[in-house]
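Structure first, then comments.
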């Protein structure tokens with residue numbers, strides 16, 4: 001029934017003005033579009049910095065893993081050399097015992 005219908009808003013009502021193209025709507029958080037754009041750009045810049053940092057850290061990890069492989073290889077060679085020397089020493093001691 002017509003008595004239950006809402007009255008239409010006045011032409012100067014803010015919702016009506018926005019819907020008629022009275023400028024860009026404010027951001028959802030109530031900030032102006034320029035502020036939102038600036039915040040978006042700052043967030044993007046921060047994301048890029050984090051990506052660069054992650055890339056550097058990954059490179060450092062790769063370098064450290066390569067160094068670790070080199071050190072492990074050197075350690076294994078050192079152990080093999082020591083074992084070889086110990087074996088040679090045992091053989092020498094056995095020869096001395098035979099001669100004595």
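Each reported figure results from applying straightforward, stated rules to the coordinates on display, with no laboratory input. Keep in mind that this is a model prediction, so the values were computed, not measured. Methodologically, a virtual Cβ is constructed for each residue, glycine included, from the backbone with ideal geometry; neighbour enumeration extends over all protein chains shown.
Here the extension length gained between residue 77 and residue 52 equals 5.2 nm, from 0.36 nm per residue of separation less the Cα-Cα distance.
Extending 7 Å from Cα along the Cβ direction at residue 95 and again at residue 67 yields two label points whose distance is 4.3 nm. Using a ≥ b ≥ c from the Cα gyration tensor of segment 50-99 (square roots of the eigenvalues), is it rounded, prolate or oblate, where a/c under 1.5 gives rounded and otherwise the larger of a/b and b/c decides, a/b for prolate? Prolate, since a/c reaches 1.5 and a/b exceeds b/c. Projected label points at residue 38 and residue 60, each 7 Å from Cα along the beta carbon direction, are separated by 3.3 nanometres.
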